[in-house]
Amino acid sequence: MAVGTIVVRDGHVLLIRRGIEPGYGRWVFPGGFVDRGEPLEEAAVREALEESHVEVRITRLLNVYSAAGSSVVVIVYVAEMIGGAAGAGDETLDAQWFPIRGIPWDELAFPSTTLALREYLSLPSSP
């Protein structure tokens, strides 16, 4: 099981460029695998900090995603930034704030990344 966190600030979304496979060099929102016994929201907060150096507070659950042929289930949260500054972590090449209209759709790493971002942006409360 994996978690992901969509963080939006001032009309920009936080994306990280993966420094590991699968998806090396491609963009995703911060996320990763849940440690055994770890609460899901804590895993999402931890992964955001590890991968982007941004401290977040979870504000809501967005949705749960799975894809045919994949054994990974991804739980995606929406969060607000509460500290830190975007920067590359140990398993990332870069962390950047992209304007909503500048999301690199053709360079996203996973179908779940695309689905979650599109779902988030379709919400009435999204920027």
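Values in this text are rule-based calculations from the coordinates and carry no lab data. This is a predicted model, so every value here is computed, not measured. Because the Cβ atoms are built from the backbone with ideal geometry, glycine has one as well, and the counts that use them run over all protein chains shown.
Could you check, for the stretch 13-27, whether at least one of its residues is surrounded by fewer than 19 Cβ atoms within 10 Å (Cβ to Cβ), under 14 Å from the mean Cα position of the chain (by Cα), within 13 Å of F110 (Cα to Cα) and not charged (D, E, K, R)?
Yes; the residues of the stretch 13-27 include at least one that is surrounded by fewer than 19 Cβ atoms within 10 Å (Cβ to Cβ), under 14 Å from the mean Cα position of the chain (by Cα), within 13 Å of F110 (Cα to Cα) and not charged (D, E, K, R).
Between residues in the stretch 82-106 that are under 23 Å from F33 (Cβ atoms) and residues that are assigned to a strand (DSSP E or B) and of a type in the set (S, T, N, Q), which pairs lie under 7 Å by C-beta distance while being six or more apart or on different chains?
Final answer for the pair search is A86/Q96.
Is it the case that some residue within the stretch 55-70 is closer than 16 Å to M1 by Cβ, touching a Pro at 6+ places or on another chain (Cβ under 8 Å) and surrounded by fewer than 20 Cβ atoms within 10 Å (Cβ to Cβ)?
yes
Quick one: which of G89, G84, G32 is within 14 Å of F110 (Cα to Cα) and of a type in the set (G, A, S)?
That would be G32, the only listed residue that is within 14 Å of F110 (Cα to Cα) and of a type in the set (G, A, S).
Yes/no per residue for (1) touching a residue at least 40 places away in the same chain (Cβ under 8 Å); (2) under 13 Å from the mean Cα position of the chain (by Cα):
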| site | (1), (2) |
| --- | --- |
| F29 | yes, yes |
| F33 | no, yes |
| A48 | yes, yes |
| L61 | no, yes |
| S71 | no, no |
| E80 | yes, yes |
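If you go through the stretch 18-32 one residue at a time, how many are in a strand (DSSP E or B) and over 20 Å from E55 (Cβ atoms)?
Going through the stretch 18-32 one residue at a time, the tally reaches 2.
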